[in-house]
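This report concerns only the one structure given below.
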Amino acid sequence: MANCITRHIPNTVTCCNLFSGCIASVMAFKGNYELAITFIIIGAVFDFFDGMLARLLKVSGPLGKELDSLADDITFGCTCRHCFLFI
C-alpha cells in the first residue's frame, strides 16, 4: 500500500500539466504563440510523466483519473484550438 505522500505524487505532476495548459491558454489569448506552444510541450512532458509515475508507484484513484482528463482537455484541447483559431 502506498503511503500518503507517494499516493499524491502523480496528481501533483498532473496539476503541473493543468497549470501549463492554463498558462498556454493565456499566452495564446495574448498572441504570444511561441510561448503558448512551449507550454503545450511542457504540458505534454508532464502528461507523460504523470502516467509513468502512477504505473511505477502502483497508485490510482478516481481523483487522478478525473484530474488527468481535465488537464488533457485544457492542455491539448482548448489551448491548441485557441492557438490555431487566432493565427
Output row, site Arg81, 7 Å Cα→C-beta label point, backbone N cut-off 14 Å, window the stretch 7-32, residues 25
Here the Kirkwood hydrodynamic radius of the stretch 28-69, Cα-based and in Å, equals 11.8
The rounded separation in angstrom of the Cα centers of the stretch 1-37 and the stretch 46-87 is 8
Given a Förster distance of 22 Å, the FRET efficiency implied by the Cβ-Cβ spacing of His8 and Phe29, rounded to the nearest 0.05, works out to 0.10
Karplus-derived 3J(HN,Hα) from phi for the stretch 49-58 (6.51 cos²θ - 1.76 cosθ + 1.60, θ = phi - 60°), whole Hz, x at Gly and Pro, runs 6, 5, x, 5, 5, 5, 6, 5, 8, 6
Mean projected area, convex hull of alpha-carbon positions in the chain, reported to one decimal in nm², is 5.1
Answer in debye to the nearest 20: the dipole magnitude of the chain about its Cα centre, from +1 Lys/Arg and -1 Asp/Glu charges placed on Cβ, is 160
So the angle from the long Cα axis of helix 62-72 to the longest Cα principal axis of the chain, reported in degrees to the nearest 10, equals 20
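Cβ under 13 Å from Ser60's Cβ, Ser60 left aside: what net charge do those residues give with Lys, Arg +1 and Asp, Glu -1?
Values: positive: Arg7, Arg55, Lys58, Lys65; negative: Asp50, Glu66, Asp68.
Net local charge, Ser60 excluded: +1.
Only the coordinates and a few stated rules stand behind these numbers; no lab work does. Predicted model only: the values in this text are computed from it and were never measured. Virtual Cβ from ideal backbone geometry, glycine too; neighbours counted across all protein chains shown.
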